[in-house]
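*Asks:* Take a look at the following structure, please.
The values are calculated or read from the model by the stated rules, or taken from the named source; none is laboratory data. Note that the structure is predicted; figures quoted are calculated from it, not measured. Cβ coordinates were reconstructed from backbone atoms using ideal geometry, including for glycine residues, and neighbour counts include every protein chain displayed.
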Amino acid sequence: MSQRIYVSELDGKAALCFDTGLDPRSFARTKMSQSLIDPGYIVNPDGTHDTWKITGVNEIDGFMRVFGPYVPGKRLDLLLEETSSSQSPDLKQETFEAIINWIKAKMFLGDTRSAINPGASFVSKEGNVFFAPEHISNRCLYIEGNEIDKYNCPDLVGINVTAFCAAVMLYKVLAGVHPYVSKDIFQDMREGVFFPIHLAAQGLNAQLAKLIQAALILPVEKKKNTITKSGIEIITGILEILSGKENKAVAVSSLFETISAEKAKYFEKEKNKYLFKKNKLLIMIRYIKNNKYFLIGVIVGIAFTLFLLFNTVLSISSRPTTEGMSPDTVVASYYDAFSTLNHHFMEACIQGADRSDINAASGYYAVLKQRQAFEGTKASSFIQARVWQEMGGELPSPDVFGITDLKIDYIGGEEDEGLIVLRAVYNLWSPFDKFGKHLSDVLTLKRDKKNRWKIVELLRTES
């Protein structure tokens with residue numbers, strides 16, 4: 001199948017084209033023209049980005065083609081396929097650096113929605129990354145023959161999508177094969193059916209292998225509601241390893257250590273053990289009806305039980321808690337955690353209440369970590385509102401984030417009855433607003449089964 005997203009000459013100039021495969025009548029009937037206003041994004045190496053817009057539509061050989069300004073670079077999915085069929089170290093390094101730039105670009109865009117399929121991304125050698133308009137590019141990739149986006153699990157959202165997609169691409173480059181090879185690719189993603197990266201890419205940096213593994217089992221943990229390592233933690237860790245101390249891509253070869261004969265023998269033994277167990281189950285499936293989920297579950301259980309158990313125990317032991325806190329202390333600590341972007345502790349305070357604050361804190365945390373990784377510093381690019389206020393609180397207040405002037409009042413309820421209602425009045429300062437907002441929240445707290453106070457409802461008004 002020919003490429004439907006490509007660069008072509010138009011009126012003597014290069015242009016980026018999207019062949020929809022639709023005749024004029026079908027193009028109008030499917031309301032494809034409505035997607036022409038969707039923007040694309042060009043993300044620069046310094047973190048800035050420009051909006052890319054479709055500039056026109058023409059008819060070629062009876063089919064409607066959408067086009068816009070030329071964007072330099074190679075399509076990331078084609079680069080990945082070319083690398084897997086080539087033994088060229090230079091090409092592997094180029095693809096490796098393209099993946100790193102794609103990850104950084106996703107982080108720079110933050111909450112801005114952009115295409116997730118690598119086929120909709122063009123990466124230049126200079127580090128610029130183009131994300132095509134999502135709807136029109138998905139249409140083109142589908143008729144191109146890519147009915148399945150084999151780099152993304154449809155169950156994931158937000159930063160977890162970036163972490164998972166990055167892990168699949170890195171797996172393909174470092175191991176030389178795609179982690180999901182069966183026709184039931186989405187089912188395999190959801191159940192964690194893939195060859196462990198430390199066996200597929202023997203000698204790979206142990207910490208990087210753990211991060212890739214953690215990303216690939218995000219769909220499994222989401223299904224069980226037991227996510228032990230978040231997408232932002234995975235992405236930040238991967239960038240720290242791949243970018244090195246000078247924030248430049250390390251050599252692919254530097255990520256592998258020489259395998260001793262003894263270790264090679266161990267890996268081969270583990271590989272054969274894994275394949276034996278998998279093959280044994282695949283034989284059993286021929287004799288058992290409707291056991292697809294059972295088979296995948298057993299494979300996942302055998303391959304990752306120790307890995308999941310270790311991470312689960314570690315997560316539980318280090319998980320923040322509100323144990324021993326009074327209701328007003330929980331509320332005060334919740335807002336203090338918001339000011340310091342401690343979204344993990346905010347999670348410990350909430351049980352069923354609105355999660356907008358947590359989503360905002362984790363979003364700011366992701367932006368902060370990416371800036372620190374790019375600039376090579378641990379200093380925060382945000383000024384805490386409390387510190388800013390102590391310094392005089394001069395307006396306007398760019399780059400100020402957090403809460404000041406917090407007052408908590410009792411409204412109703414009794415601790416003996418396990419329910420308390422409090423009101424919190426405060427000023428919220430955001431780095432994207434020149435002036436603060438005066439907010440009033442009514443918070444309902446209840447004791448959980450472990451006698452810890454949790455915020456079960458949060459109603460907010462702005463004055």
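*Asks:* Filter segment 231-258 for residues that are of a type in the set (S, T, N, Q) and modelled with pLDDT of 90 or more; which is nearest to Leu174 (Cα to Cα)? Steps first, answer last, please.
*Replies:* Applying the first criterion (of a type in the set (S, T, N, Q)) to segment 231-258 yields 236, 243, 247, 253-254, 258.
Adding the requirement that they be modelled with pLDDT of 90 or more leaves 236, 253-254.
Working: Thr236: 19, Ser253: 10, Ser254: 12 Å.
Only one residue tops the list, namely Ser253.
*Asks:* Is it true that Gly203 is at pLDDT 90 or above and buried (at least 22 other Cβ atoms within 10 Å of the Cβ)? Outline the logic, then answer.
*Replies:* Numbers: at pLDDT 90 or above: yes; buried (at least 22 other Cβ atoms within 10 Å of the Cβ): no.
Against the criterion (at pLDDT 90 or above and buried (at least 22 other Cβ atoms within 10 Å of the Cβ)), Gly203 does not qualify.
*Asks:* Quick check on this structure: which one of Val298, Val313 is over 22 Å from the mean Cα position of the chain (by Cα), surrounded by 12 or more Cβ atoms within 10 Å (Cβ to Cβ) and at pLDDT below 75?
*Replies:* Values: Val313 fails: surrounded by 12 or more Cβ atoms within 10 Å (Cβ to Cβ).
Testing whether each residue is over 22 Å from the mean Cα position of the chain (by Cα), surrounded by 12 or more Cβ atoms within 10 Å (Cβ to Cβ) and at pLDDT below 75 leaves just Val298.
*Asks:* I would also like to ask the following. At least 2 residues that are among the hydroxyl-bearing types (Ser, Thr, Tyr) in each: list the helices (runs of 4 or more DSSP H) lying fully within segment 49-165 that qualify.
*Replies:* Working: elements: 76-84, 89-109, 134-143.
Hits in segment 49-165: 76-84, 134-143.
*Asks:* Taking interchain pairs and intrachain pairs at least six residues apart, which have beta carbon atoms under 7 angstrom, with the first residue in segment 176-199 and acidic (Asp, Glu) and the second in a loop (DSSP other than H, G, I, E, B) and surrounded by fewer than 18 Cβ atoms within 10 Å (Cβ to Cβ)?
*Replies:* Asp188/Ser182
*Asks:* Let me ask something else. Any residue that is at pLDDT 85 or above, surrounded by fewer than 17 Cβ atoms within 10 Å (Cβ to Cβ) and in a helix (DSSP H, G or I) - is there at least one of those in segment 362-370?
*Replies:* No, segment 362-370 contains no residue that is at pLDDT 85 or above, surrounded by fewer than 17 Cβ atoms within 10 Å (Cβ to Cβ) and in a helix (DSSP H, G or I).
*Asks:* Glu323 passes all but one of (1) farther than 30 Å from Met346 by Cα; (2) assigned to a loop (DSSP other than H, G, I, E, B); (3) at pLDDT 85 or above; which number fails?
*Replies:* Against the list (1) farther than 30 Å from Met346 by Cα; (2) assigned to a loop (DSSP other than H, G, I, E, B); (3) at pLDDT 85 or above, Glu323 comes up short only on (1).
*Asks:* In segment 401-434, which residues are over 27 Å from Ala361 (Cα atoms) and among the acidic types (Asp, Glu)?
*Replies:* Scanning segment 401-434 gives Glu414, Glu415, Asp416, Glu417.
*Asks:* Could you please give the count of residues in segment 41-55 that are on the phi < 0 side of the Ramachandran plot and either surrounded by fewer than 18 Cβ atoms within 10 Å (Cβ to Cβ) or free of Cβ contacts under 8 Å to residues at least 60 places away in the same chain (or both)?
*Replies:* First pass over segment 41-55, keeping only residues on the phi < 0 side of the Ramachandran plot: 41-46, 48-55.
Cutting the leftovers down to either surrounded by fewer than 18 Cβ atoms within 10 Å (Cβ to Cβ) or free of Cβ contacts under 8 Å to residues at least 60 places away in the same chain (or both) gives us 44-46, 48, 50-51, 53, 55.
Residues that pass the stated criteria total 8.
*Asks:* Which residue out of Asp38, Asp19 is surrounded by 14 or more Cβ atoms within 10 Å (Cβ to Cβ) and under 17 Å from Phe130 (Cα atoms)?
*Replies:* Working: Asp19 fails: under 17 Å from Phe130 (Cα atoms).
That would be Asp38, the only listed residue that is surrounded by 14 or more Cβ atoms within 10 Å (Cβ to Cβ) and under 17 Å from Phe130 (Cα atoms).
*Asks:* Consider Met346 against the criteria (1) aliphatic (A, V, I, L, M); (2) within 23 Å of the chain's Cα centre (by Cα); (3) surrounded by fewer than 17 Cβ atoms within 10 Å (Cβ to Cβ): it satisfies all of them except one. Which criterion is unmet?
*Replies:* The single condition Met346 does not satisfy is (3).
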